[in-house]
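Note sheet for the following structure.
The values are calculated or read from the model by the stated rules, or taken from the named source; none is laboratory data. Quick caveat, the model's predicted, so the values are computed rather than measured. Glycine also receives a Cβ, built like all others from the backbone with ideal geometry; neighbour counts cover every protein chain displayed. Ligands, DNA and RNA are excluded from the accessible area calculation, which covers all protein heavy atoms including side chains. Shrake-Rupley method; radii C 1.70, N 1.55, O 1.52, S 1.80 Å.
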Amino acid sequence: MVESELIAKSKEYRQKILKYIVGANAGHTGGSLSCIDILNVLYNVVLNTRPENFASPDRDRYIQSKGHCVEALFVVLADKGFFPEEDLNTLCRYQSHYIGHPTRKVNGVEQNTGALGHGLPISVGTALAAKMDKRDYRVFTLLGDGELPEGSNWEAALTAAHYKLDNLCAILDKNSLQITGPTADVCNTDPVDEKFESFGWAVKHVDGHDLKAIKEAFESMPFEAGKPSLIIAHTVKGKGVSFMEHSVSWHHGVPNAEQYAQALEELSI
Amino acid sequence: MEHITTEVAKAAKPNLEVFSTTLQQLAAHDRDVVVVTSDSRGSGKLVPFGKKYPEQIVEIGIAEQNLVGVAAGLASTGKKTFAVSPACFLTARALEQIKNDVAYSDNAVKLIGISAGVSYGALGSTHHSLHDYAVLRAINNLTIVAPADNYETEQAILQASELGKPIYLRFGKKNMPLLTEDRANTFTLGKGRMIKAGKDLTFIATGETVYPALEAAGRLQRENGLDVSVVSMHTIKPLDTALLKERAEHTRAIITVEEHSVNGGLGEACAAYLLQNHHGKPFKIVGIPDEYTVTGSQVEILNHYGISETGLADTALALLNTIA
Ligand SMILES: Cc1ncc(C[n+]2csc(CCOP(=O)(O)OP(=O)(O)O)c2C)c(N)n1
Ligand SMILES: [Mg+2]
């Protein structure tokens, strides 16, 4: 997919994220908008995963550790044909499989996530299996920056380096906010690049909203042979909607009718 | 113990809110009262606490194991430490810290499980805590409490603060009406509260399910002329076996109610006591069955599994029919 098409996709995805959050009257707005450009590039450029090959042992895996931003994932999976988009009208409704976190009842979802700090260990196991079976698939996992203090992340980071999992790529959605406030005030993890490097990872920084830069980073994976790759994506929570950007209150805020209209207007430019 | 929040008697607020105001009043008189949070002060209604007593709140970040370990260390020095996190993460993620650092090492942490049961509704099973009574019951040296209403919440916090022993308290998010206006019907940890007497059947419920049990008892009275008793068994461990025995002797059947898996919770605790002490009675455990939990809001999930006024009334009639 060429860059202009990718840009159009991001716009469309952002509008749909808001549409379904408004429809469900629930959702993780800020963090879905911060990671959607990454998911766009992953599903439209990087992953070999398609509805047709989703049962194949050779498919690339995407495991969303920051499961609360499920709206971003569902919108992209619908666009890629994993299920009819109108299914999302049942998001968070009684007896719907489309709930507020990824579950494997939904076609295209690899793992049930939602409790933070689980995606990286599962991804390490999945990547390790590829090495054991000499398969070429790669494993991608998206982490939140507030999520990093979970100790399981650091345990898994050790394991990934120990087993030289250069088929593993973690993407850190560094939007610098969590629920209580700025991540730096809640539990500072900086300098996060040096921490991962000292654990044996190869690290790159990108602007997490620059589609070309994200694409190039993925295409240069593994950043170093024999090392797991970490992309630190510098993002803006609530990206694309002026009044949602950099704002803690939009972590799981749902726009009212007026705000939704304004957001759509901004996103259509 | 006397009321320090006198308004508690009037309004139906979420128990969590009463937890927060009670804690603020404790903190005002005692700088050893410390709250530990894991990016959870918003959901724990503790933002005002943090503003008023910034020296008495410790933010850990999203790291529940660390939260409980740090809380154990704080408590070991004599601080009245409240570790506050969603019940699902607190009692699953940090279970080993609870078992070893709190219970086994006997550090008197007050573990506060917020948004418990299926309070998180459509966020799904990662966020539900339907296992907490079961896993914690199997750990020695830990009191387990699920207050039903605002009064029980206030009293539970005050008594927990003075207990000097590890304790787990579980709260939901919805507004909880008072079970009774009777001031003489006081709350004591470890002693069930008889909310309504009755000879036909007894609901033994805990936490936020006591209220629908009380509504069901009212409905059974109105529509079926049945005289149904309701007990708030707020303390699941140690269980008030004297009250259980008394109810078994004075009613024809027992139904337990909990916002928890039917496995290993209040119901099985009651069943084990009754059967082993020869008080066998027609008996039914109402809770969340052992299946992939239905999706939906908290109310939809509870209604689906019959944890509601009508659902509980139907269950009572069905049970009484078997012994008619
Ligand atoms: C183990 C665990 N603890 C707590 C939570 C509750 N929770 C959901 S999202 C969130 C904040 C996440 O912040 P971050 O990782 O920075 O995500 P983002 O900013 O991308 O939304 C918290 C505390 C959770 N889902 N899992
Ligand atoms: Mg963040």
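Within the stretch A:192-218, the set of residues being away from ligand 2 (no atom under 16 Å from the Cβ), small (Gly, Ala, Ser) and surrounded by 15 or more Cβ atoms within 10 Å (Cβ to Cβ) comprises A:Gly200, A:Ala202, A:Ala213, A:Ala217. The one condition from (1) open to solvent by 30 Å² or more (accessible area, probe 1.4 Å); (2) at the interface with chain B (Cβ under 10 Å from one of its Cβ atoms); (3) under 24 Å from A:Gly238 (Cβ atoms) that A:Asp79 does not meet is (2). Every listed requirement among (1) loosely packed, with under 15 Cβ neighbours inside 10 Å; (2) in contact with a Leu (Cβ under 8 Å, 6 or more places away or on another chain) is met by A:Ala225 save one, (2). Residues in the stretch B:272-324 that are open to solvent by 40 Å² or more (accessible area, probe 1.4 Å), part of a helix (DSSP H, G or I) and within 14 Å of chain A (Cβ to nearest Cβ): B:Val299, B:Glu300, B:Asn303, B:His304.
Could you list, in sequence order, the residues of the stretch B:87-126 that are open to solvent by less than 10 Å² (accessible area, probe 1.4 Å) and within 14 Å of chain A (Cβ to nearest Cβ)? Spell out the reasoning first.
Let us first name the residues in the stretch B:87-126 that are open to solvent by less than 10 Å² (accessible area, probe 1.4 Å), namely B:87-88, B:90-91, B:94, B:98, B:102-103, B:109-118, B:121, B:124.
Once the filter is applied, which keeps residues that are open to solvent by less than 10 Å² (accessible area, probe 1.4 Å) and within 14 Å of chain A (Cβ to nearest Cβ), the stretch B:87-126 yields B:Ala87, B:Cys88, B:Leu90, B:Thr91, B:Ala94, B:Ile114, B:Ser115, B:Val118, B:Gly121, B:Gly124.
Taking the stretch A:164-191 as the range and being more than 12 Å from ligand 1 (Cβ to nearest atom) and open to solvent by less than 10 Å² (accessible area, probe 1.4 Å) as the test, the residues that pass are A:Leu165, A:Leu168, A:Cys169, A:Ala170. Among the residues of the stretch A:101-143, those that are at positive phi and away from every other protein chain (no Cβ under 11 Å) comprise A:Gly108, A:Lys134. When A:Ala72, A:Ala55 are checked against the criterion of being among the small types (Gly, Ala, Ser), open to solvent by 40 Å² or more (accessible area, probe 1.4 Å) and more than 12 Å from chain B (Cβ to nearest Cβ), A:Ala55 stands alone in meeting it. Residues that are among the acidic types (Asp, Glu), open to solvent by less than 30 Å² (accessible area, probe 1.4 Å) and part of a helix (DSSP H, G or I) within the stretch B:199-236 comprise just one, B:Glu208. Of the residues making up the stretch A:144-187, those that are within 11 Å of another protein chain (Cβ to nearest Cβ), closer than 15 Å to A:Ile232 by Cβ and either in a strand (DSSP E or B) or more than 20 Å from the chain's Cα centre (by Cα) (or both) are A:Gly144, A:Ala184.
Quick check on this structure: which one of B:Glu259, B:Glu246, B:Glu268 is over 15 Å from the mean Cα position of the chain (by Cα) and either assigned to a loop (DSSP other than H, G, I, E, B) or touching a residue at least 12 places away in the same chain (Cβ under 8 Å) (or both)?
B:Glu268
The selection criterion, being within 14 Å of another protein chain (Cβ to nearest Cβ), touching a residue at least 24 places away in the same chain (Cβ under 8 Å) and more than 16 Å from ligand 2 (Cβ to nearest atom), does not hold for A:Tyr62.
Can you name the residue in the stretch A:119-143 that is in contact with a Cys (Cβ under 8 Å, 6 or more places away or on another chain) and open to solvent by less than 10 Å² (accessible area, probe 1.4 Å) and, of all such residues, is farthest from ligand 1 (Cβ to nearest atom)?
First, pick out the residues of the stretch A:119-143 that are in contact with a Cys (Cβ under 8 Å, 6 or more places away or on another chain): A:138-142.
Narrowing further to those that are open to solvent by less than 10 Å² (accessible area, probe 1.4 Å): A:139-142.
On the way: A:Val139: 19, A:Phe140: 16, A:Thr141: 13, A:Leu142: 9 Å.
Filtering first and then ranking leaves A:Val139.
Of all residues in the stretch A:213-226, none are under 26 Å from A:Leu18 (Cβ atoms) and within 14 Å of ligand 1 (Cβ to nearest atom). Applying a threshold of 9 Å to beta carbon distances and a minimum spacing of six or more residues, or different chains, the list of pairs starting in the stretch A:211-228 at a residue that is β-branched (Val, Ile, Thr) and ending at one that is in a loop (DSSP other than H, G, I, E, B) reads A:Ile214/A:Gly208.
Cβ-Cβ distances below 6 Å connect the following pairs, each with a first residue in the stretch A:229-252 that is in contact (Cβ under 8 Å) with a residue 60 or more places away in the chain, a second residue that is open to solvent by 60 Å² or more (accessible area, probe 1.4 Å) and away from ligand 1 (no atom under 14 Å from the Cβ), and a separation of six or more residues or different chains: A:Ile231/A:Lys204; A:Ile232/A:His205; A:His234/A:Asp207. Taking (1) over 21 Å from A:Lys9 (Cβ atoms); (2) within 12 Å of ligand 2 (Cβ to nearest atom) in turn, A:Glu258 satisfies each apart from (2). Being within 23 Å of A:Pro51 (Cβ to Cβ) and within 16 Å of ligand 2 (Cβ to nearest atom) holds for only one residue in A:Gly119, A:Gly108, A:Gly114, and it is A:Gly119.
Restricting attention to the stretch B:184-198, and to residues there that are part of a loop (DSSP other than H, G, I, E, B) and over 14 Å from the mean Cα position of the chain (by Cα), which single residue is surrounded by the most Cβ atoms within 10 Å (Cβ to Cβ)? Talk me through it step by step, then tell me what you get.
First pass over the stretch B:184-198, keeping only residues part of a loop (DSSP other than H, G, I, E, B): B:184-187, B:189-190, B:192, B:197-198.
Then drop every residue that is not over 14 Å from the mean Cα position of the chain (by Cα), which leaves B:184-186, B:197-198.
On the way: B:Ala184: 5, B:Asn185: 13, B:Thr186: 11, B:Ala197: 14, B:Gly198: 19.
The extreme case among them is B:Gly198.
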